[in-house]
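A.B. asks: Take a look at the following structure, please.
The values are calculated or read from the model by the stated rules, or taken from the named source; none is laboratory data. It should be emphasised that the depicted structure is a prediction, and the values quoted were computed from it without experimental measurement. FYI the Cβ positions are ideal-geometry reconstructions off the backbone, even for glycines, and counts take in every protein chain you see.
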Amino acid sequence: VAAPPGPPGHAPGIARDARRVLTDNWTGTSTVPSHGLYPHQWSWDSAFIAIGLRHMSPLRAQLELETLLAAQWRDGRVPHIVFDPAVPRGAYFPGPDFWRSSTSGRPAGAPRRTETSGIVQPPVHALAAWLVHRADPRASWRRGFLARVQPRLTAWHRYLTASRDLAGDGLPAVVHPWEPGMDNSPCWDAPLAHVTPADPESFRRADLHHGAAADRPTDLDYGRYVRLAVDYRAGGYADLGRPHAFAVEDPGLATLLALSEHALAEIALALGGDPRPHLDEAARLTEALVRRLWSPAAGQFLARDVRADALIPERSAAGLLPLALPDLPEAIAAEVLRTAEGPHFALGSAAATGLVPSYDLLGPAYDAGRYWRGPAWFNLNWLLERGLRRHGWADRAERLRAAIVGVGAASGFAEYVDPATGRPRGTRDFSWTAALVLDLLA
Ligand code: 2M8
């Protein structure tokens, strides 16, 4: 076990504080990302949260994932938000009145009694389920956890690979900038430019009651988010056979799908089944990722605009995440590492926090404080830490681990931080920051 970072005696206090955040944000069946800004259950948040919760309460970690998966649609999609009916309408925008899943989502098989959004987020769930199982196999077997979640996870992956392969060339596409989880990444600026924003009078943002405007997306961004979501809803949330004003292949989402396919292989094996179909699928996805999104010139993966059929020349940290894949060709992994440690991302830099920013430090749109346009996020850095370890770069992984824990705790488990100074931005006591710090201390 690696030594905890910081002065001796520091880590127990960090773990205790991280547990307190997760306890405070637990609602009884799931965990909110933060009570003020995000008062419902979010899809990929819950996966990261379960990964930390497993060290506190394997049972709660299982429930976290089961609650989310219980809201799965019949077509296999796992919605990006599951709404808590106890939360006042208007506390979050866009809420249940906007998505109207139980009516508008019926053709796609939305649940009748639970209100959800109609879009998705990256599939970290099978990875989380496998890690939760491994934390306490006896507690997991006792509840039949793996057997219960396996069919749902399989259907979820099938939705992404079948209904979302919009280009027909082997990778899932996202149809809204909220889907890759990095809402206002500069990568989406060009594909969004031709989307006509919704009338600003037609909706009211709730996020600015809880977050500083300078840390959040702009009103123009929101106008476009609303337009895309309204159009998707109007089409009954159907995917294939209809035009999408925004369709992008994201290296982050594709990586997480391939990683989760590896986890499904482990789950199949544990349940006495055949892991091979999942390993084959993981290999196929990794191959498609390299074929469609690898840029030798950039030395990293880039997103692809499906409508323009072209790579988007903006560097997001999502393009470093394939490092987490076990079967990424070693020559490519070495190139990605070089880019991560170079001037665009400054991974491990002693002159800064050592965390990678969400977007290119040298990019024209770089903004150290604004959400997914520069700040460092803990989930991305946690995934990179796994990648470094996976490829045998243990010293670098250890340094990154120490930086995540140190900066995460010092920031009050901030949602994101300035990658140079570690100054906290966004909300505090953010669940996935606490969960992933806890995981790295375990
Ligand atoms: C942010 O996204 C939501 C919309 O889904 C928002 O801005 O209201 C993103 O950071 C996303 O990745 C995250 O899952 C969500 C909740 O933490 O917040």
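A.B. asks: Confirm whether Ala147 is within 16 Å of the ligand (Cβ to nearest atom) and over 25 Å from Gly319 (Cα atoms).
C.D. replies: no
Results for (1) surrounded by fewer than 18 Cβ atoms within 10 Å (Cβ to Cβ); (2) in contact with a Gly (Cβ under 7 Å, 6 or more places away or on another chain), shown as yes or no for each residue.
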site	(1), (2)
Ala331	yes, no
Phe345	no, no
Arg370	no, no
Trp382	no, no
Ile404	no, no
Glu415	no, yes
Ala420	yes, no
Arg423	yes, no
Thr427	no, yes
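A.B. asks: Determine which member of the set Val226, Val195 is within 16 Å of the ligand (Cβ to nearest atom) and either assigned to a loop (DSSP other than H, G, I, E, B) or within 23 Å of the chain's Cα centre (by Cα) (or both).
C.D. replies: Val226
A.B. asks: Could you check Ala324 against (1) of a type outside the set (Asp, Glu); (2) in contact (Cβ under 8 Å) with a residue 24 or more places away in the chain; (3) farther than 18 Å from Leu257 by Cβ and say which number it fails?
C.D. replies: Of everything listed in (1) of a type outside the set (Asp, Glu); (2) in contact (Cβ under 8 Å) with a residue 24 or more places away in the chain; (3) farther than 18 Å from Leu257 by Cβ, Ala324 misses just condition (3).
A.B. asks: For the stretch 52-131, give me every one of the helices (runs of 4 or more DSSP H) that falls completely inside it and has 2 or more residues that are at pLDDT 95 or above and of a type in the set (A, V, I, L, M).
C.D. replies: By residue number, 58-70.
A.B. asks: What do you reckon, is Asp183 assigned to a helix (DSSP H, G or I), touching an Asp or Glu at 6+ places or on another chain (Cβ under 9 Å) and either within 15 Å of the ligand (Cβ to nearest atom) or without any contact (Cβ under 8 Å) to a residue 12 or more places away in the chain (or both)?
C.D. replies: So Asp183 fails the test.
A.B. asks: Looking at Pro217, Pro243 in this structure, which one is assigned to a loop (DSSP other than H, G, I, E, B) and either within 16 Å of the ligand (Cβ to nearest atom) or in contact with a helix residue (DSSP H, G or I) (Cβ under 6 Å, 6 or more places away or on another chain) (or both)?
C.D. replies: Values: Pro243 fails: either within 16 Å of the ligand (Cβ to nearest atom) or in contact with a helix residue (DSSP H, G or I) (Cβ under 6 Å, 6 or more places away or on another chain) (or both).
Only one candidate passes the filter, namely Pro217.
A.B. asks: Please go through (1) at pLDDT below 95; (2) more than 15 Å from the ligand (Cβ to nearest atom); (3) in a loop (DSSP other than H, G, I, E, B) for Glu201 and return the number of the only condition it doesn't satisfy.
C.D. replies: Result: Glu201 fails condition (3) only.
A.B. asks: Restricting the search to the stretch 19-54, which residues are surrounded by fewer than 21 Cβ atoms within 10 Å (Cβ to Cβ) and away from the ligand (no atom under 14 Å from the Cβ)?
C.D. replies: Result: Arg19, Arg20, Thr23, Asp24, Trp26, Thr27, Gly28, Thr29.
A.B. asks: Does the stretch 23-37 contain any residue that is over 21 Å from Asp429 (Cα atoms) and of a type in the set (Ser, Thr, Tyr)? Break it down into steps so the answer makes sense when it comes.
C.D. replies: So in the stretch 23-37, the residues over 21 Å from Asp429 (Cα atoms) come out as none.
Within the stretch 23-37 (the criterion being over 21 Å from Asp429 (Cα atoms) and of a type in the set (Ser, Thr, Tyr)), the answer is no, since none of the residues qualifies.
A.B. asks: Answer yes if at least one residue in the stretch 240-257 is more than 17 Å from the chain's Cα centre (by Cα) and either of a type in the set (Asp, Glu) or closer than 16 Å to Tyr371 by Cα (or both), and no otherwise.
C.D. replies: So far as the stretch 240-257 goes, no, none of its residues is more than 17 Å from the chain's Cα centre (by Cα) and either of a type in the set (Asp, Glu) or closer than 16 Å to Tyr371 by Cα (or both).
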